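For reference, the structure discussed in these notes is given below.
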Amino acid sequence: NSQTLSALMDEWLAEKKKRVEQGSLRKATYETLDCKSRGYKIAFGSRPVGTITAKEIRTWIEGLQVQIGNTARHGFLAASQVSKQHQLSYLSQFFIWCKKNHGVPRDNPCESITIERNEGAGEVAYY
């Protein structure tokens with residue numbers, strides 16, 4: 001099966017949107033998935049789903065950054081471990097759906113990836 005991540009992700013999101021309309025999925029959940037899908041498409045969109053490896057996903061996740069502020073002058077910081085875990089979880093859900101509905105990939109490449117939590121994660125520093 002040579003269907004690309006972009007094509008299958010569009011199909012997956014269309015199913016999610018139907019679930020919102022049926023009332024079985026929150027609109028906010030769909031919007032999160034739709035937003036996150038843009039990053040997945042930039043990284044892997046033209047690739048057949050079955051060719052994307054755990055190593056490539058791990059490298060992509062480790063390089064994730066988040067924008068600080070709402071203008072270019074504020075810059076970017078490395079994404080938190082929690083943000084990385086969320087990205088991995090959403091992508092894993094997509095691969096599970098692909099396997100169930102299209103028979104690819106043979107194995108979910110996200111299953112072998114572990115995102116370690118930083119020591120002190122969740123603590124707030126006050127200055």
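The values are calculated or read from the model by the stated rules, or taken from the named source; none is laboratory data. Fair warning: this is a prediction, and the values are worked out from it, not measured in the lab. Counting neighbours? That spans all protein chains shown, and the Cβs are built from the backbone with ideal geometry, glycine included. All accessible areas refer to the heavy atoms of the entire protein, side chains included, with ligands and DNA or RNA removed. Shrake-Rupley method; radii C 1.70, N 1.55, O 1.52, S 1.80 Å.
Of all the residues that make up segment 47-81, how many are in contact with a helix residue (DSSP H, G or I) (Cβ under 6 Å, 6 or more places away or on another chain), more than 27 Å from Pro105 (Cα to Cα) and modelled with pLDDT of 80 or more?
0
Criterion first (without any contact (Cβ under 8 Å) to a residue 24 or more places away in the chain, within 15 Å of the chain's Cα centre (by Cα) and within 25 Å of Arg117 (Cα to Cα)) does Thr29 satisfy it? I'd like the intermediate steps shown before the answer.
On the way: without any contact (Cβ under 8 Å) to a residue 24 or more places away in the chain: yes; within 15 Å of the chain's Cα centre (by Cα): yes; within 25 Å of Arg117 (Cα to Cα): yes.
In short, yes.
Which pairs do you get when a residue that is under 17 Å from Glu116 (Cβ atoms) and open to solvent by 60 Å² or more (accessible area, probe 1.4 Å), found in segment 41-70, comes within reach of a residue that is modelled with pLDDT under 95 and aliphatic (A, V, I, L, M), reach meaning Cβ atoms under 7 angstrom, with the pair 6+ apart or on two chains?
Short answer, once both residue conditions are applied: Arg58/Ile113.
For (1) touching a residue at least 12 places away in the same chain (Cβ under 8 Å); (2) closer than 27 Å to Ser112 by Cβ, each residue gets a yes or a no:
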| residue | (1), (2) |
| --- | --- |
| Leu8 | yes, yes |
| Lys17 | yes, no |
| Cys35 | no, yes |
| Gly39 | yes, yes |
| Ala78 | yes, yes |
| Val82 | yes, yes |
| Leu91 | yes, yes |
